[in-house]
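Beneath this line is the structure, given in structure tokens, with notes to follow.
Read the figures in this text as sums done on the coordinates, not as results from a lab. Worth saying up front: this structure is predicted, and the values here are computed from it rather than measured. Because the Cβ atoms are built from the backbone with ideal geometry, glycine has one as well, and the counts that use them run over all protein chains shown.
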Ligand code: FES
Ligand code: FES
């Protein structure tokens with residue numbers, strides 16, 4: 001039986017009628033229209049569906065909508081509000097770190113969270129943050145380069 005849940009997504013409040021088996025990813029994409037998070041594997045292995053739940057990166061295909069009733073969610077759309085994109089998005093453009101782009105939202109969410117939480121991350125931190133994020137196109141080199149380059153945009 002459907003239930004009503006409340007979510008705050010990218011700063012806006014929503015009341016949504018959901019089936020108890022719908023994932024957060026489905027709620028975000030199919031009900032609310034936030035199509036930035038992608039469904040790659042649907043089983044927690046590719047990272048393309050990553051969003052923040054209360055500021056922590058989480059694979060939204062592994063979470064049910066009803067489990068996060070009342071949570072504060074950020075999708076990649078929330079990183080580029082007021083016509084400004086995040087530092088890691090700028091760095092991805094600088095380095096040409098996107099090919100098909102399917103993995104990009106998850107990668108961006110992971111690296112943005114890293115720079116938000118760690119003041120001066122090194123290459124090992126970057127690789128750790130990208131663990132569980134799969135890319136079928138780039139070979140990862142340009143993604144890691146972009147992640148390092150983003151440092152200049154997150155200076156405090
Ligand atoms: S779609 Fe969620 S981890 Fe792949
Ligand atoms: S750019 Fe295509 S999957 Fe990463």
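What's the center-to-center distance, using Cα atoms, between the range 27-101 and the range 115-134 in Å?
Centre-to-centre (Cα) distance: 17 Å.
Once the Cβ-Cβ distance between residue 56 and residue 151 is put in as r, and R0 is 22 Å, what FRET efficiency do you end up with, to the nearest 0.05?
That gives a FRET efficiency of 0.55.
Using a Gaussian network model of the chain whose springs link C-alpha atoms within less than 10 Å, name the residue from 83, 56, 127 with the highest mean-square fluctuation.
Highest fluctuation among the options: 83.
Hey, what's the Kirkwood Rh for the range 100-145 if you take every pair of different alpha carbons, in angstrom?
Taking the inverse mean of 1/r over all distinct Cα pairs, the range 100-145 comes out at 10.9 Å.
Could you check the simple spin-label distance between residue 117 and residue 35, using points 7 Å along Cα→Cβ, in nm with one decimal?
Each label point lies 7 Å from its Cα, and together they span 3.0 nm.
How far is it, in nm, from the label point at residue 90 to the one at residue 125 when both lie 7 Å from their Cα along the line to the Cβ?
It is 1.9 nm.
Suppose R0 equals 30 Å; then what is the FRET efficiency for residue 134 and residue 21 from their Cβ-Cβ distance, rounded to the nearest 0.05?
0.75
Taking the convex hull of the Cα atoms, report for the chain its projected area averaged over all directions, in nm².
Mean orientational projected area (the chain, Cα hull): 8.8 nm².
On C-alpha positions alone, give me the angle between the axis of helix 104-117 and the longest principal axis of the chain, in degrees, nearest 10.
With both axes taken from Cα atoms, the answer is about 80 degrees.
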